[in-house]
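The values are calculated or read from the model by the stated rules, or taken from the named source; none is laboratory data. As the structure is a prediction and not an experimental result, all values here were calculated from the model. Virtual Cβ from ideal backbone geometry, glycine too; neighbours counted across all protein chains shown. With ligands, DNA and RNA removed, areas are computed over all heavy atoms of the protein, side chains included. Shrake-Rupley method; radii C 1.70, N 1.55, O 1.52, S 1.80 Å.
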Amino acid sequence: MSPVIAQKEKLPIVGPRDYGYPNARLRGMRSRLLKAEAFEHLIATGGMHQLIQELMRTEYASDLEEVLIHGRGAAEVSDALQRHLIRIHEKVFGFLNQEAKDICATMLGRWDVFNIKTILRGKLYGLGSAEISGNLMPVGALGSVDLAGLLAQSDVSGVIDTASTWELPQAPALRDGYEKYQATGNFVDVELALDRYYAGWAGSRLARRNSNYAMIRKLLCAQIDILNTVTAFRASRDRLSLEAAKEYFLSGGDGISVSLFGQLVAASDAGGLLEALRSTPFSAALEGVASQYAEDPSIVVFERALEDYFTRKMVALSSTDSLGVGIPLAYLWGKQNEVTNIRIITKAKEVGIPLERTRRELILV
Amino acid sequence: MEEVRPTRAELLERKQQITLAQQGMDLLKQKRDALLMEFMSVMDGTLRLSEQLQRTVVDAQYSLAVAHAVDGPVALRSAALATKGEVTVEMTGTKIMGVSVPVVTKGESPIRTTFTRGYSVTGISTRVDESAERFEKILDVIIEYADIETRLKRLGEEINKTNRRVNALEQVTVPALREQVAYISQTLDERAREDLFRLKKVKKKIEAKKKVQAV
């Protein structure tokens, strides 16, 4: 995948905490996010060709034009959506103030972790750089050039050495995880070290006495709590011992303590899990899908409810302080959600998922 | 007809061969019936597994489509990079009604748990997980299916072979032997009649000679 170069444009000089210009621009961009009727229109299209034609009338036209020379299938649309998302992130980061950049980069730091993990996985199994690079999403602090530098290394230790030389914040976690991996032979140790690093690093970056930081820190805590809840659900289903499950617990949340995590792991059924989570903010979201779970007893149902809960919280930031960091974050999450929904519709067209089922799969339309 | 010596010994041998062929034919018919019964019971299992395989493939494809759509191809492919693994199967053999059939048994089950799939669960959605699990189930069913389908194929081949043998005995060997027996019997009868005629002639000549001497 070639790095998408943001168009150079003359931007006004924005102060480190000046939200006036960026947020005004973002509100304008937000108005161009697809509405429910637009999604309904896309769902109703006859096939892939018609869907592409409809998408060519939206903001995705320029990204689609770049890939449609390779074909007019779902893979090309998916590629265009990925390019669009990367381009939008670069564009938004181009006009944000320093504080918003700092906060957004912290929340998007999970993509840096994701990209490093992907490179390490590829290197572990000896895949070529070209094969790995198509699976990267350079929307965090590590840009395409940084990722290309890591990709150029020949093996896992080379990637870790390069990260250390560049003094990437993930480097200490990588070294610790790699040391453990050499002892146990289990590569999950490296991935877990990165996940733990992200939770701790993001928490410390947002621990400032400032309303913007405090607001986003709460959301980060909710995100970590959701991850821990889903991990506990999985551990409970797989009858993992509490000791083993605790290895996967991420610190930094504020709703799921280690003891509550233990209760969830020990729960014998969905009723027990919901009962244990009654005092948490996700209770209502989970209770809402309990009947769906009864029909289809899969953790996917609960995870989806928790993801929707979190996305709703992020998108709701648009109605917070109009001169705060909520506006850029709400826009970025709204954009990610839009891309996911278009991808769902595209895939549904490709494999012939019924319209009603497609509507059900869409997220927060 | 092959060259047949029309002797009494040959006739006895051919009659013995007919008895042997009929006994063999009866045994082969019994074997064929037994193989058919075994074939039908294996067939039931094969159909059941085939349906199960089809259902598992449809489920897996659907969950892959959902994971691809919701999590995106990037997340899906990244997870796939981490889950390299191998499937071990053990190949042995057994005999059903004297027919050698290979037995395919699973080594380690290809179905892994979320925590042993090779990636950290904190970074992978349950949709991707479920998709991986369903494809592992396909592998599991495919191994079972390979075992039963090979058994069915071998039994089918053996039934065909036995059928051909029965037909060959019934339609070719036994009629040919019967024809040979008829030919030998006819030739021996003819020889007996010739001998009788010759003896009568000799007797007549002797009697005629005796009459002349008496006169």
task: Among the residues of the range A:81-101, count how many are closer than 20 Å to A:V339 by Cα and crowded, with 17+ Cβ neighbours inside 10 Å.
output: 12
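Got at least one residue in the range B:78-101 being within 30 Å of A:Q82 (Cα to Cα), within 14 Å of chain A (Cβ to nearest Cβ) and among the polar types (S, T, N, Q)? Working first, answer last.
At the first step, the residues of the range B:78-101 found to be within 30 Å of A:Q82 (Cα to Cα) are B:78-85.
Of the ones still in play, those that are also within 14 Å of chain A (Cβ to nearest Cβ) are B:78-85.
Add one more test, that the residue is among the polar types (S, T, N, Q), and what stays is B:78, B:83.
There is at least one residue in the range B:78-101 that is within 30 Å of A:Q82 (Cα to Cα), within 14 Å of chain A (Cβ to nearest Cβ) and among the polar types (S, T, N, Q).
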- prompt: Scanning for something more than 14 Å from chain B (Cβ to nearest Cβ) and either part of a helix (DSSP H, G or I) or touching a Lys or Arg at 6+ places or on another chain (Cβ under 8 Å) (or both), does the range A:347-358 turn up at least one residue?
  reply: yes
- prompt: Taking helices (runs of 4 or more DSSP H) that do not extend beyond the range A:226-310, which have at least 1 residues that are away from chain B (no Cβ under 14 Å) and surrounded by 13 or more Cβ atoms within 10 Å (Cβ to Cβ)?
  reply: A:258-266, A:270-276, A:283-288, A:290-295
The range B:154-188, residues that are over 30 Å from B:I96 (Cβ atoms) and either polar (S, T, N, Q) or surrounded by fewer than 11 Cβ atoms within 10 Å (Cβ to Cβ) (or both): B:Q180, B:S185, B:Q186, B:T187
message: Suppose the filter is more than 12 Å from chain B (Cβ to nearest Cβ) and closer than 26 Å to A:C104 by Cβ; does A:E167 pass it?
response: yes
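Residues checked against (1) under 30 Å from A:S211 (Cα atoms); (2) part of a helix (DSSP H, G or I); (3) of a type in the set (G, A, S):
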| position | (1), (2), (3) |
| --- | --- |
| A:V77 | no, yes, no |
| A:A80 | no, yes, yes |
| A:L85 | yes, yes, no |
| A:K91 | yes, yes, no |
| A:I103 | yes, yes, no |
message: Which numbered condition in (1) of a type outside the set (A, V, I, L, M, F, W, C); (2) more than 30 Å from A:Q182 (Cβ to Cβ); (3) within 10 Å of chain B (Cβ to nearest Cβ); (4) open to solvent by 50 Å² or more (accessible area, probe 1.4 Å) is the only one that A:S78 fails?
response: (4)
- line: Restricted to the range B:114-150 and to residues being among the small types (G, A, S) and without any contact (Cβ under 8 Å) to a residue 24 or more places away in the chain, the residue nearest to the other protein chains (Cβ to nearest Cβ) is B:S120
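Considering only the range A:311-344, state which residues are in contact (Cβ under 8 Å) with a residue 60 or more places away in the chain and within 14 Å of another protein chain (Cβ to nearest Cβ).
Going through the range A:311-344, the residues in contact (Cβ under 8 Å) with a residue 60 or more places away in the chain turn out to be A:313-314, A:317-318, A:320-332, A:334-336, A:338-339, A:341-343.
Those that are in contact (Cβ under 8 Å) with a residue 60 or more places away in the chain and within 14 Å of another protein chain (Cβ to nearest Cβ): A:K335, A:Q336, A:E338, A:V339, A:N341, A:I342, A:R343.
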- request: Could you list all residues from the range A:323-346 that are in contact with a helix residue (DSSP H, G or I) (Cβ under 6 Å, 6 or more places away or on another chain) and open to solvent by 30 Å² or more (accessible area, probe 1.4 Å)?
  value: A:R343
message: Among the residues in the range B:78-88, are any among the hydroxyl-bearing types (S, T, Y), open to solvent by less than 30 Å² (accessible area, probe 1.4 Å), in a helix (DSSP H, G or I) and over 21 Å from B:L155 (Cα atoms)?
response: yes
- request: Tally the residues that are in contact (Cβ under 8 Å) with a residue 40 or more places away in the chain, under 14 Å from the mean Cα position of the chain (by Cα) and away from every other protein chain (no Cβ under 11 Å), restricting the search to the range A:95-132.
  value: 6
- prompt: Where residues in the range B:53-77 are among the charged types (D, E, K, R) and more than 9 Å from every other protein chain (Cβ to nearest Cβ), which of them is surrounded by the most Cβ atoms within 10 Å (Cβ to Cβ)?
  reply: B:D59
- prompt: Which one of the conditions (1) within 14 Å of another protein chain (Cβ to nearest Cβ); (2) surrounded by 13 or more Cβ atoms within 10 Å (Cβ to Cβ); (3) assigned to a helix (DSSP H, G or I) does B:I111 fail to meet, given that it meets all the rest?
  reply: (3)
field: Single unsatisfied condition, A:E37 versus (1) exposed (fewer than 10 other Cβ atoms within 10 Å of the Cβ); (2) modelled with pLDDT under 85
entry: (2)
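Going by what's in this entry, would B:Q30 be described as open to solvent by 60 Å² or more (accessible area, probe 1.4 Å), at pLDDT 90 or above, assigned to a helix (DSSP H, G or I) and more than 30 Å from A:L85 (Cβ to Cβ)? Steps first, please.
Values: open to solvent by 60 Å² or more (accessible area, probe 1.4 Å): yes; at pLDDT 90 or above: yes; assigned to a helix (DSSP H, G or I): yes; more than 30 Å from A:L85 (Cβ to Cβ): yes.
Here the answer is yes, as B:Q30 does meet what is asked.
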query: Which ones in the range A:214-271 are closer than 21 Å to B:E130 by Cβ and in contact (Cβ under 8 Å) with a residue 40 or more places away in the chain?
result: A:I226, A:T229, A:V230, A:A232, A:F233, A:R234, A:R237, A:Y248
message: Based on this model, can you work out whether B:L64 counts as free of Cβ contacts under 8 Å to residues at least 24 places away in the same chain, of a type in the set (A, V, I, L, M, F, W, C) and in a helix (DSSP H, G or I)?
response: no
